[in-house]
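Engineer: Structure in structure tokens, see below.
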Amino acid sequence: MTGQTIGNYYIHVFGCQMAEHDAEMLAGQLEERGYKPTNEQTAADIILLVTCCVRETAENKVWGLLGRLRQLKQKKPELIIAVSGCLPQQADVGENIKQRFPHVDIIFGTHNNHQLAQLLNRRQQYGQTVLDIHSGAGTVTEGVPVRRAPGIKALVTVMYGCNNFCTYCIVPYVRGRERSRKPADIVREVEELVSAGYQDITLLGQNVNSYGKELDSPCDFADLLQRLNQITGLERLRYTTSHPRDFTDKLIAVVAACDQVCENFHLPMQAGSDHILKKMNRGYNRADYLNLVEKIRHKIPGASITTDIMVGFPGETEADFKETLDIVRRVKFDSAFTFVYNIRQGTLAAKMSGAVPAEVKTSRIQQLITLQNEISLANNRNLAGAVMAVLVEGTTKNNPDRLSGRTRTNKLVFFDGKPDLVGKTVPVRINAGHMTYLDGELMNFG
Ligand code: SAH
Ligand code: SF4
């Protein structure tokens, strides 16, 4: 890193953990160049938006912020505004941003995330808007500096892109085909993170179960977990997202056998009706999904299972939706991210007939959320009396003697304890379960 500060940067992330990690890489490049982070837009010399286009809501927030930044740029013409991420990666969107928001200086996509320094140079040399969106073919670039917030948790990408083409989803179009990082590069990065004090590592990919398919020397995701599990000092290993279709028996066995790999399964279900799952091109049906959940619960009792569910996919009837509610009741997910389907231009579903009216979608999402909330609360209440290993992540905002941490199953726990326990794994007895967290009490430990 250079010693001299040449300005401040402000990053706004819209989107998933993958976008968050992209932001850490972009921040790393800015810091290498001498920029320092700021939380104030008005104090920034560079404002960088890391965007997402998977759902309409995130996209609309980007347009809102870009509009508001116009004024700031008028007051401070030397301010550099950059837009990166999935959004400009969509056909014509980059050009569109350039036309609609002339105060934006640099527009680039996820495939040139590693080239921020060059893009800045080009902007500074030529004084014109730089629009540079690479296509999705891309290779994997190693060695990009990453700036992570200090703490307990860290994100590590294991693969980029997706080959699945679920019919509603824009990701394969904007993030390109699957590319895996080499196991040795991932092992080295996790080792470095562990030496730097990070204890809870999440491996990222759109479909981590496809990991390694195109590598020269064979290594599948289960093999990768086994290799990482041997790293001394690593406390917890997580991964997201795994596709229910590809969750093999081998992988379940490896998760069960590896001490560091956490017993939390995020298995996006999307819908509970065979008819809709087929139209979504998910590659499994409701029986397959229920069977997978049963296998996991049989092999790993106490595992938590979380999911993503969408309502209002084209052609979703009341009967289809009832099947989603039914499967939610059967599986009793620990928590669920719930979404209202929205059209993503260019996807196959965008051309499907049978659009569900907005008010029906709203009614369905409300019913779904109400049901899932009851289940989350009941599951958490059932944990009362259990003693769970909690990795302490920090103190609560208003009380340094009230700690917060996570169980291996990724439940948030609050309990009284001294701040010097931050970073330690301690036994906590759960006294009460609430909808989104647990209250507990520190047990004696030696
Ligand atoms: N790779 C992950 C999902 C990434 S997108 C997987 O396969 O599970 C995260 C979630 O956004 C998806 O699981 C889906 O529930 C939701 N989503 C994706 N496209 C959507 C759309 N067009 N409308 C509404 N929700 C969508
Ligand atoms: Fe999208 Fe499906 Fe790929 Fe997930 S698996 S990123 S939902 S296409």
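The values are calculated or read from the model by the stated rules, or taken from the named source; none is laboratory data. Computed from a predicted model, the values in this text were never measured in an experiment. Cβ coordinates were reconstructed from backbone atoms using ideal geometry, including for glycine residues, and neighbour counts include every protein chain displayed. The protein model used for the area step is the full one, side chains on, heavy atoms only, and it has no ligands, DNA or RNA in it. Shrake-Rupley method; radii C 1.70, N 1.55, O 1.52, S 1.80 Å.
Engineer: On a full-extension model of 0.36 nm per residue, what is the gain between Ala378 and Leu215, subtracting their alpha-carbon distance, rounded to one decimal in nm?
Structural biologist: The span from Ala378 to Leu215 would gain 54.3 nm if fully extended.
Engineer: Moving on to the next point. Ratio of Rg to Rh for region 148-262, alpha carbon only, Kirkwood?
Structural biologist: Taking Rg over the Kirkwood Rh, I get 0.97.
Engineer: Could you tell me what % of all Cα pairs in region 1-64 have separations over 17 Å? It would help to have the intermediate numbers written out before the result.
Structural biologist: Numbers: 891 of 2016 pairs.
So the pairs more than 17 Å apart make up 44 percent of the total in region 1-64.
Engineer: If you don't mind, another one. In percent, what relative contact order does region 1-103 have, based on Cα pairs under 8 Å that are 6 or more apart in sequence?
Structural biologist: 29
Engineer: If you roll a 1.4 Å probe over region 387-442 with all protein chains in place, what percent of the accessible area is carbon or sulfur?
Structural biologist: So the carbon and sulfur contribution to the accessible surface is 51 percent.
Engineer: Right, another one. Would you mind calculating the relative contact order of the chain from Cα pairs under 8 angstrom and at least 6 residues apart, reporting the percent as a whole number?
Structural biologist: It rounds to 9 percent for the chain.
Engineer: On average, how much accessible surface per residue is there in region 32-136, in Å², for a 1.4 Å probe, leaving out ligands, DNA and RNA?
Structural biologist: Heavy-atom accessible area per residue stands at 47 Å².
Engineer: So if each residue of separation counts as 0.36 nm, and I subtract the Cα-Cα distance between Val140 and Ala432, what length gain in nm does that give?
Structural biologist: So the extension gain works out to 100.5 nm.
Engineer: What is the spin-label model distance, in nm, from Glu191 to Lys76 if the labels are put 7 Å beyond Cα along the C-beta direction?
Structural biologist: Taking the two extended label points, one gets 4.2 nm.
Engineer: Tell me which lysines have Cα within less than 24 Å of Lys98's Cα, excluding those fewer than 8 residues away on the same chain?
Structural biologist: Qualifying lysines at Cα under 24 Å: Lys61, Lys73, Lys75, Lys76.
Engineer: So, one more: Roll a 1.4 angstrom probe over the protein heavy atoms and tell me the percent of accessible area of region 43-85 that is carbon or sulfur.
Structural biologist: Roughly 50 percent, rounded to a whole number.
Engineer: Give the carbon-plus-sulfur fraction of the accessible surface of region 148-262 in %, rounded to a whole number; probe 1.4 Å, heavy atoms of protein chains only.
Structural biologist: Roughly 49 percent of what the probe reaches on region 148-262 is carbon or sulfur.
Engineer: Another question about this same structure. Divide, for region 7-132, the radius of gyration over alpha carbons by 2.2 N^0.38 Å, where N is the residue count.
Structural biologist: So the Cα radius of gyration is 0.95 times the expected 2.2 N^0.38 Å.
Engineer: Measure out, as a whole number of angstrom, how far apart the alpha-carbon centroids of region 382-428 and region 307-341 sit.
Structural biologist: Comparing the Cα centres of region 382-428 and region 307-341, I get a distance of 32 Å.
Engineer: At 1.4 Å probe radius, can you tell me the per residue accessible area of region 313-446 in Å²?
Structural biologist: With all protein chains present, region 313-446 gives 51 Å² per residue.
Engineer: How far is the Cα center of region 98-168 from the Cα center of region 1-39, in Å?
Structural biologist: Region 98-168 and region 1-39 have Cα centres separated by 12 Å.
Engineer: Can you report the principal axis dimensions of the chain using only the alpha carbons, biggest first, rounded to whole angstrom?
Structural biologist: In descending order, the Cα extents are 63, 59, 49 Å.
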